Every structure is written in structure tokens, then in C-alpha cells.
Amino acid sequence: MTLPLPLRNRLAELILDSLHDPTARTVLSMLVRFCHEPERLMASPGVPAEFPLELFDNRAGRLALKGAYRRFEDEFCERTVRAWEVVRDRPLAGRDPGLADVLDEAADLFDARLFFEVHELLEPYWMRADGAAREALQGLIQIAVGFQHLANHNLDGALMLLEEGMAKVEGKKLEGRDLGRFAAAVGGARGAIVALGKDAPWTFDWGVMPRFPRGG
């Protein structure tokens, strides 16, 4: 289920901030607690001002997503928990890491199926890159967004962006990473999606997702 934009964007912002900001990481851990024990969260002292209370109602000491968002709670919590698995033991990064480090972050997010966050993380680096690196970064972003489209049940958008992204990374290397192998794996996944036809958004096996290229 596709999250409404306020939920998606606020959660993505918090996830990316958690890579370098200890307060954001604390808030993300509190969201995980909300997903498991909402009563306990409200009973806890010292909830940071950064906690996104604008997304929640407080019902007699129990947090719940606001009415318009409530039916998205399962997806919201699933993404929150996946993100927490990525960041909880990760050393805090600097606020503007080099490309090699940010690609490592992107790899962990991609492999956790946090594709929108990969797009948001890599886009500033793509905007200031040039030449082959710029094209490769655009391809990685398109692949991530392609899989996000699939998760959002937009089959045509997924197939188009996977094909375009695959073409941009094929045969390239970036910060010591072999993007050609990744392109081939994406091609295999795209072929599996095509074979599944219109049911692919519901029947694709996310367990056979290609893994994001990592440095040696």
C-alpha cells in the first residue's frame, strides 16, 4: 500500500537524518516502540520535540496515527522497522559524506527495500556530479524508483524506469563498484516481472531482488 505523501516524506526525512543525527535516531527508535507498544511510548518521559506528533492523535494516553492515515499503519510500521534495522547499529555519519560512503548507505537502504529513501539520498550527489558518474547515479536512482513503482503497484512505470536505469549503469564502474553486474541482475528481475504480467506487483518475489553494488 502506498503511503500518503505526508507520511512517506516525514518518515523518509527521519530515516535519512538518522544516518547522521543522534536525535533523529532516537525518534526513529520511538516510532519503532509506537509500532509495538503505543501505550508505553506515551508513558515515556522526554519525548524529543522532533517527534512527528503532527501525524498522530493521543487517545487517552495511547498514540494512533491520525484518522486519514490510520489504515496505513501496517505499511508505516513495516517501513519504520526495516529502517531501524539499517541504522540502529550503524556509526553516525558526517552530514555530507563522500560519494563512496553515501553509496554504502544507499546499498543498505536499497537492500532493505527503502527505495524512495535511496532516491532522496542519492539525488543531491547526482545533481552535482558530471560525466559518467552523473549518468551512473541517475541510473541507480531510476532503478530504485522503478522498484518503488512496483511496490506502489505501478507496473508500467516500474518497467520503464528499470529499463532506463539499467541502460545507464550497464558497463560502468562507480567508486570501485561494478555496476555491470548489478545491471545484469536488474535485467533478470525485470524479466521476472514481465513474465508475471499484470499480477507482478502482487506476486513478485522480493526475496530475489538484486543486491545494490558494494565496494570491494
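Read the figures in this text as sums done on the coordinates, not as results from a lab. From a predicted model like this one, the values you see are computed outputs, not experimental measurements. Counting neighbours? That spans all protein chains shown, and the Cβs are built from the backbone with ideal geometry, glycine included.
What is the Cα convex hull volume of the stretch 107-216 when expressed per residue in Å³?
Looking at the stretch 107-216, the number lands at 87 Å³ per residue.
When both the stretch 119-162 and the stretch 50-108 are represented by their alpha-carbon centers, they are found 21 Å apart. Residue separation of Glu50 and Arg82 scaled by 0.36 nm, minus their Cα-Cα distance, works out to 9.5 nm of gained length. Taking the structure as given and computing Kirkwood radius over Cα pairs in Å, which label from (i) 21.6; (ii) 18.2; (iii) 18.8 fits? Answer by label: (ii). Ala200 sits among other residues whose Cβ lies under 13 Å from its own Cβ, and their net charge, with Lys and Arg +1 and Asp and Glu -1, is -1. Diffusion coefficient (Stokes-Einstein, Kirkwood radius over C-alpha pairs, 20 °C, 1.002 mPa s) for the stretch 5-87: 168 µm²/s, rounded to a whole number. When Asp108, Asp101, Asp89, Asp96 are arranged by Cβ crowding within 10 Å, least crowded first, meaning fewest neighbours, the order is Asp89, Asp96, Asp101, Asp108.
Please give me, ordered by residue number, the GluC sites (Glu not before Pro) of the stretch 56-91 that lie in loop per DSSP and have at most 15 other Cβ atoms within 10 Å. Write down the numbers at each step before the final one.
Working: sites: Glu73, Glu75, Glu78, Glu85; in loops: none.
Listed in order of number, the matching sites amount to none.
Each of Trp202, Trp84 was scored by other Cβ atoms within 10 Å of its Cβ. Listed from fewest to most, they are Trp202, Trp84.
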